[in-house]
């Protein structure tokens, strides 16, 4: 009997200890369909999503669950790894911190969504593809596998370019440079006044900057090839010219840039523009919102321009940065998810995203009508009307990721090495050679 | 006989929950890291390819990994030595000497441990600020007007020392308290008789204090190794992100970059396996070479 008591006690202790491990969240069965959307609580805010989800709930009689976090990458990764509780739609741009979307693309964990383009937008009679600005769904990063299918849906587009203090240019009587020669001449002029020509937040911003530059030096066809890891094109003199132009900027860089080009201090580099310490910074239209509360020089006024042209008769390019949403493998309500995505491209949703969110512009035909004349964004979004050409950003997905060779992320060989070029720890030739060597490894592994 | 058998069964039963939990949450994941280090895998799909020791072969030729090794070892060595010296000396002063405001100093030294790593990193980012940081402002007093300031986090040859400085500042208080605890248990009469024999304070420190806390120092050496590897990741992540251009990359930040940013999860786990073996081996070596006959009072 005593023995039995002992055993009983011990088992009771064990059971209590283990009880914590069990899971007990069984959902009540309901007929109501639940659409789960997870996404980044980032620069554009969540207000737009909440408003659009509410409208969609009313229209379809379903429930939409939103899960928006600043570290959504870390939140979702273990769940996707375990194959449990996978959301129906993920809103997280390629290249974001933690690289979840990039990994999803590389691991082919995203469902094709071509049929959305042919769907009718719920609540209207318009076809989705008719309401999206032409060309937007052709971008390489949305169709990463060369099978012609669309996997990621574009949203929140924003022209990227060089931001500057238009007030300072007026005050000094300087012209905004249109070619790189004029740019460097302006750099010398500004240097005499103790102002640096150039700064950048982190090397991650070079994806947009460098893509536009490659389009200028080598042209859009060559650019397309380069984004498909074409060795020959990368080895051309035109491609190298882009590296050299960046190298030349090292003589004009704001001296504190590299020390502050990290996730904690990057806004100090952005502050350099507000303080008139540097003239230009590559960035996107979210910059004025991000620096809204920062102190600034007297007479400060945001200005934005496309990259200067390589020659007077060349083209100026401005990278169009878009964010992405997609349906991951393992999503349960695929049809409903597609319907919701289709609704996101309605004029109604576009207005909600812009007004309730923080100025997020959907790539729909009438979305830019939401930008009123007195809105600072008017200046930015008219960049293409003023003659600049648009280019997309992003490399094709690789079949085989090469161990130890990080070619294309913000800290990778192509962009991360810019820090070394700016501090003159590496020459442009070293940077270029390192890149070509790494590129060859990548090409070799993917033959 | 029967009684002993019963007793043993009882002991095992009592241990079972702990062993079970330990196996599930410690042993199994560790073994899993080693298993995954043999795979070519992106981390999310079911698409896993067994590649044997290939990941390790690539690893030993990967110059970025070797640089992260060098940085980690430099951090372990410098942080351990400098923190040890400061912590022991401060502890000795605070326990043996009558210092005014003794408790005040104890609190001051311990404060960094109450702060989170992110807070400390932000404080030091501000201290290292190239234009108006504390350090550059002080050095600037002795420099000409147009002096540009040292780029503590932007200069590839300095950045790792900037991180080491932060880690030492953060660690001293913690270890000081540990040493103080063992120093205060040394009986007073040993010091009394030593001073009657004419030993001065410094002789007392080396002949009495140090030998009698040796066991404690040995334990903390293992702590230095483990915490340097772990904390360096957090500091690097917040302060530099491994930059500029990988100059401040350490073991775990490089692991993170490869496993997540570069989508080579298996390769990242190979780094994890190396870190695991490295920290165990280093701790064992340090433990072995610092072995002395125990001194007791």
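The values are calculated or read from the model by the stated rules, or taken from the named source; none is laboratory data. Predicted model, so just to flag it, every value in this text is computed and none were measured. Cβ sites come from the backbone with ideal geometry, for glycine too, and all protein chains shown count toward neighbours.
Within the range A:37-83, the set of residues being in a loop (DSSP other than H, G, I, E, B), within 14 Å of chain B (Cβ to nearest Cβ) and touching a residue at least 60 places away in the same chain (Cβ under 8 Å) comprises just one member, A:83. The set of residues from the range B:244-268 being in a loop (DSSP other than H, G, I, E, B), touching a residue at least 40 places away in the same chain (Cβ under 8 Å) and farther than 18 Å from residue B:76 by Cα comprises B:244, B:245, B:246, B:263, B:264.
Regarding residue A:178, is this residue out of contact with any strand residue (DSSP E or B) (no Cβ under 9 Å at 6 or more places or on another chain) and within 20 Å of residue A:283 (Cα to Cα)? No, not satisfied. Can you confirm whether the range A:110-130 contains a residue that is in contact (Cβ under 8 Å) with a residue 40 or more places away in the chain and facing chain B (nearest Cβ under 10 Å)? Within the range A:110-130, not a single residue is in contact (Cβ under 8 Å) with a residue 40 or more places away in the chain and facing chain B (nearest Cβ under 10 Å).
One residue stands out in the range B:129-160 among those that are in a helix (DSSP H, G or I) and without any contact (Cβ under 8 Å) to a residue 24 or more places away in the chain: the one that is nearest to the other protein chains (Cβ to nearest Cβ), namely B:136.
Among the candidates B:49, B:97, the residue that is within 27 Å of residue A:103 (Cα to Cα) and surrounded by fewer than 16 Cβ atoms within 10 Å (Cβ to Cβ) is uniquely B:49. Inspect all residues belonging to the range B:17-36 and state whether any of them is over 30 Å from residue B:175 (Cα atoms), under 27 Å from the mean Cα position of the chain (by Cα), at pLDDT below 95 and not in a helix (DSSP H, G or I). Scanning the range B:17-36 turns up no residue that is over 30 Å from residue B:175 (Cα atoms), under 27 Å from the mean Cα position of the chain (by Cα), at pLDDT below 95 and not in a helix (DSSP H, G or I). Checked against (1) more than 14 Å from residue A:229 (Cα to Cα); (2) away from chain B (no Cβ under 13 Å), residue A:440 passes all but condition (1). Within the range B:67-77, not a single residue is assigned to a strand (DSSP E or B), within 13 Å of another protein chain (Cβ to nearest Cβ) and either modelled with pLDDT under 90 or in contact with a helix residue (DSSP H, G or I) (Cβ under 7 Å, 6 or more places away or on another chain) (or both). Can you tell me which of B:217, B:202, B:186, B:208 is more than 29 Å from residue A:71 (Cβ to Cβ) and in a loop (DSSP other than H, G, I, E, B)? None of the other options fit; the residue is B:186. Checked against the criterion of being more than 25 Å from residue B:237 (Cα to Cα), within 14 Å of chain B (Cβ to nearest Cβ), assigned to a loop (DSSP other than H, G, I, E, B) and touching a residue at least 40 places away in the same chain (Cβ under 8 Å), the candidates A:94, A:90, A:86 yield just one match: A:86.
The number of residues in the range A:260-276 being in a loop (DSSP other than H, G, I, E, B) and facing chain B (nearest Cβ under 8 Å) comes to 5. Please work out if residue A:255 is within 14 Å of chain B (Cβ to nearest Cβ), surrounded by fewer than 20 Cβ atoms within 10 Å (Cβ to Cβ) and at negative phi. Spelling it out, residue A:255 is indeed within 14 Å of chain B (Cβ to nearest Cβ), surrounded by fewer than 20 Cβ atoms within 10 Å (Cβ to Cβ) and at negative phi. Scanning the range B:85-109 for residues that are in a helix (DSSP H, G or I) and farther than 23 Å from residue B:200 by Cβ turns up B:103, B:104, B:105, B:106, B:107, B:108, B:109.
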